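One structure is given below, encoded as structure tokens.
The values are calculated or read from the model by the stated rules, or taken from the named source; none is laboratory data. Since this is a predicted model, take the numbers as computed values, not measurements. FYI the Cβ positions are ideal-geometry reconstructions off the backbone, even for glycines, and counts take in every protein chain you see. Only protein heavy atoms, including side chains, enter the accessible area calculation; ligands, DNA and RNA are left aside. Shrake-Rupley method; radii C 1.70, N 1.55, O 1.52, S 1.80 Å.
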Amino acid sequence: MQVSKKIYFVFFLMVIFLSSNSYAQNKAEKEIFIDELMSKMTLQEKIGQLNLPGSGDIKTGEANNSDIAGKIRLGLVGGLLNVKSVSKIKEIQKIAVEESRLKIPLIFGMDVIHGYRTTFPIPLGLASSWDMNLIEKMARIAAQEASADGICWTFSPMVDIARDPRWGRIAEGAGEDAYLGSRIAEAYVKGYQGDDLKKNNTIMSCVKHFALYGAAEAGRDYNTTDMSLVRMYNEYFPPYKAAIDAGAGSIMTSFNDVNGIPASGNRWLMTEVLRNQWKFKGFVVTDYTAIQEMITHGMGDLQAVSAMALHAGTDMDMVGESYLSTLEKSLSEQKVTLEEIDLACRRILEAKYDLGLFEDPFKYCDENRAVTEIATIENMNVARDIAAQTFVLLKNKNQILPLAKKGKIALIGPLANSRFDMAGMWSVAAEHKESVTVLEGFKNVLGNKAEILYAKGANVVDDKDYDARITWGTSGIDSTKTSAQLRKEALKIAKKSDVIVAVLGEGAEMSGECSSRSNIDLPENQKILLAELLKLGKPVVLVLYTGRPLTITWENENVPAILNVWFGGTQGGNAVADVVFGDVNPSGKLPVTFPQNVGQIPLYYNCKNTGRPLSNEWFEKYKSNYLDITNEPLYPFGFGLSYTNFKYSNLTLSNTKMNENETIKISVQVENTGNFDGKEVVQLYLRDLVGSISRPVMELKNFQKIDIKKGEKKTITFDIDIEDLKFYNNDLQFVAEPGTFEVFVGTNSKETLKAEFELIK
Ligand code: BGC
């Protein structure tokens, strides 16, 4: 016995020795390879690796004659962005590896942010699923499809915390919460990168936009951010760090300035925080022309801002070609050092090495994969399942939903049959013709069980100028009919129906980049339509398309059922039908607060208490509140109904005192008391009652998404340990401070059971 144990131990040691040795060996091999390569590179070629020019619109068969080709031949290009298709990518890669002196392969990046040709819900929708397996699965499929089409690098995930729904890019992120955002960031990275970047179906992730892009003042895109360090570290930084800890190979700088210094030139951010504190080993790429834009920020001329960016630790220059045009001169004038150029170049070469591009520059260029692995039926089916998990049921008076599959159903609204809008913003590889509209989804799910009466009823917006801004110039306005005529048609069919489903909201491009709104109501013409439909006295269901929280206070008061579907992607229309007719029970929860009106913004659940909080729901003189509105959100963070009901009881703590080496078990009973099987997101929040800095009124610390059958009762258990109690104090130390903590467990951030425990020294 003793002998065999010994043998086993020796064997184990050998395994450890060999595996650590092979890791060291791989590392050494990489270093040797890159050292050798760099020893052959001219200064120009090194600077060339830092260059990520815009690809323009290179047509297949024309790459050779494009402007870019000449630069590639000279070794002045490190990679390209947003080139689509294996044939083009192959053609361009060939120039690099056959016609440039050192044959260094290019890296091809793209904004694959919510799927590739199989388009999934927008990221804010995906976040509403609170299901990390599902998000990882969607990222895996996105990587599979993108890599089959030549792409090896995605500019995703966007993990910018956003508390301002006026900001259009709130649609691209995971909402307002650092904890949820961090879990989601990890899931994306794992999904894209898989367990091995060298495989041909995994792609490198680029977490963005570092840093604080979501905190743009007034919700206006690209605007300034100015923030205390304590807030940055506790509330905005965690998702970036989580993505890096999960192994993200690259990170993108943000457009904005951070406390006065534009992110791309901000050495504190790109070197001190990223490299020294977080030990990030990948490479940093700027956002689109962000170095050049530092001139407009007021940081100096092109040469000065480029030197500033390189010195900050920014490795690759997206589109601006600022490094290419200035770094040589800056080096000769000693404004940058060769070490700085070398370091940036090395990091980019390392990424190419990690992707296996030196071994096979064409590993993502398999024409066969492009035909067989993209937009497959399997992927489309997964997309349909996933989309249905992202919808949030906001109201369901008298259980109007789910609708019975019978009778006459009026389907009305500008989003009911609009193929272009289904995929949602930033869907670069979507083929809109493949998107299923809500009308088609209804037909698919209903067959001949019910009669569908369809009318558009309204344009998304009536104002022609506004319309042009949100449709890339392709008008969404029906020029053959006036608004009154559209409404009249809709009312006519609505009168004949048993139930009305109004599919209203934002067009796809009303959110996303450069789509900030100062008024986040439903567009006026759509509101008028809705009001007229309600006057008919029939049951009305509002299916809401949106890329951001909308101020739908009036709708909440007047419409009996509201299902928020964000933008569900290619299969969104089918998924809407699945949920509306009860084949799927909705389980999405809001990752972001819906305010009652824009005046409340920023409104987020994990706010501070202030010295004068309200004790009642309504106005009190000299308390922190408004004269004209309560402090309450319209729908709180974590909110979302189901067709069934969940009853929470028996919140129990294994101990009411905890020292720093202990774990407390928190358990709660959840019972499905309604008539449907369902899924519920059980949410755990903590409040640190006394701190060396003021602490939020509650913070999400854990959650579990569970399946629970009708009539079933489950006990859900969470472990709390010292790590869950830590925060960055005023000296930016990550500490847990002794004292009382309140525990809240419930179905959303407002409806919880409460208990408390004490952290003792
Ligand atoms: C966006 C980035 C995106 C880049 C490349 C920029 O305008 O801010 O998020 O990755 O373009 O397409």
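Rounded to whole numbers, the Karplus 3J(HN,Hα) couplings from phi for region 381-387 are 5, 5, 4, 5, 4, 5, 4 Hz, using 6.51 cos²θ - 1.76 cosθ + 1.60 with θ = phi - 60°, and x at Gly and Pro. Fully extending the segment from Asp245 to Ser325, taken as 0.36 nm per residue of separation minus the present Cα-Cα distance, adds 25.4 nm. FRET efficiency for the pair Asn133 and Asn223, taken as 1/(1 + (r/R0)^6) with r the Cβ-Cβ distance and R0 = 30 Å, rounds to 0.25. Spin-label model, His432 to Ala484: label points 7 Å out along the Cα-to-beta-carbon direction sit 3.0 nm apart.
Fully extending the segment from Lys623 to Glu333, taken as 0.36 nm per residue of separation minus the present Cα-Cα distance, adds 98.4 nm.
Ranking Ala216, Leu80, Leu614 by how far each Cα lies toward the positive end of the dipole of the chain (charges on Cβ) leaves Leu614 at the top. Placing +1 on each Lys and Arg Cβ and -1 on each Asp and Glu Cβ, with no other charges, gives region 646-759 a dipole about its Cα centre of roughly 580 debye. For region 379-591, the carbon plus sulfur part of the accessible surface works out to 49%, probe radius 1.4 Å.
Label-to-label distance, Glu440 versus Arg101, with points set 7 angstrom from Cα along the beta-carbon direction: 5.3 nm.
Each Cα pair under 8 Å and six or more residues apart adds its sequence gap; the mean of these over the residue count of region 28-154 is a relative contact order of 22 percent. Here is the list for region 272-359: trypsin sites (Lys or Arg not before Pro) lying in DSSP coil, each with at most 15 other C-beta atoms within 10 angstrom of its C-beta, are Lys279, Lys281. Computed on protein heavy atoms with a 1.4 Å probe, the accessible areas place Val382, Val690 in the order Val690, Val382, largest first.
Here the chain is treated with +1 on each Lys and Arg Cβ and -1 on each Asp and Glu Cβ, and its dipole about the Cα centre works out to around 1880 debye.
On a per residue basis, region 141-212 carries 16 Å² of accessible surface, using protein heavy atoms and a 1.4 Å probe. Take region 667-742 with all the other protein chains still there, run a 1.4 Å probe, and you get 43 Å² of accessible area per residue. The phi torsions of region 552-561, fed into the Karplus equation with coefficients 6.51, -1.76 and 1.60 and a -60° offset, translate into couplings of 9, 4, 4, 4, 4, 6, 10, 9, x, 9 Hz, rounded to whole numbers, with Gly and Pro shown as x.
Averaged over its residues, region 379-591 has an accessible area of 36 Å² per residue, based on protein heavy atoms and a 1.4 Å probe. Taking the 1.4 Å solvent-accessible surface of region 646-759 as the whole, the part contributed by carbon and sulfur is 41%.
Over all other residues within a Cβ to Cβ distance under 15 Å of Asn417, the charged ones net out to +1, with Lys and Arg as +1 and Asp and Glu as -1. If you fit an axis through the alpha-carbon atoms of helix 524-535 and take the longest principal axis of the Cα set of the chain, what angle between them do you get, 0 to 90°, nearest 10? Its long axis makes an angle of about 30 degrees. Here the Karplus relation 6.51 cos²θ - 1.76 cosθ + 1.60, evaluated at θ = phi - 60°, turns the backbone of region 499-511 into coupling constants of 8, 10, 10, 9, 9, 10, x, 8, x, 3, 8, 7, 10 Hz, with x for every Gly and Pro. The listed residues Lys103, Lys488, Lys363, Lys608, once ranked by accessible area (1.4 Å probe) with the largest placed first, stand as Lys488, Lys103, Lys608, Lys363. FRET efficiency for the Asn659 to Arg612 pair, using the beta carbon distance and R₀ = 45 Å, is estimated at 0.80. In this structure the amide hydrogen of Lys701, modeled in the peptide plane, comes within under 5 Å of the amide hydrogens of Leu684, Tyr685, Leu686, none closer than 5 places in sequence on its chain. The antiparallel fraction among DSSP beta bridges confined to the chain stands at about 55%.
Each 20 Å bin from zero holds the following percent of Cα-Cα pairs in the chain: 16, 47, 32, 6, 0.
Among the lysines of region 633-728, pairs that are 8 or more positions apart or on different chains and have alpha carbons within less than 18 Å of each other number 20.
Using 0.36 nm per residue and subtracting the Cα-Cα separation, the extra length available between Asn64 and Glu742 on full extension is 237.6 nm. Using a/c under 1.5 as the rounded threshold, could you call region 646-759 rounded, prolate or oblate? The axes a ≥ b ≥ c are square roots of the C-alpha gyration tensor eigenvalues, and prolate needs a/b larger than b/c, oblate otherwise. Judged from the Cα gyration tensor, region 646-759 comes out prolate (a/c at least 1.5, a/b above b/c).
Ranked by solvent-accessible area (1.4 Å probe, protein heavy atoms only, all chains present), the residues Met270, Met308 order from largest to smallest as Met308, Met270. For a straight C-alpha distance cut-off of 16 angstrom, the lysines reachable from Lys405 (same-chain residues fewer than eight places away being disregarded) are Lys443, Lys449.
About the centre of its Cα atoms, region 219-377 shows a dipole size close to 440 debye [charges on the beta carbon of Lys, Arg (+1) and Asp, Glu (-1) only; nearest 20 debye].
Computing FRET efficiency as 1/(1 + (r/R0)^6) for Trp472 and Glu671, where r is the C-beta to C-beta distance and R0 is 45 Å, gives about 0.35. Of the residues Val461, Val565, Val541, the one whose Cα sits farthest towards the positive end of the charge dipole of region 379-591 is Val541 (charges of +1 on Lys and Arg Cβ, -1 on Asp and Glu Cβ, taken about the Cα centre).
Tell me the accessible surface of Ser332 in square angstrom (1.4 angstrom probe, heavy atoms of protein chains only), to the nearest ten. Roughly 90 Å² of Ser332 is accessible to a 1.4 Å probe. D by Stokes-Einstein for region 61-213, Kirkwood Rh over Cα pairs, 25 °C, 0.890 mPa s: 150 µm²/s.
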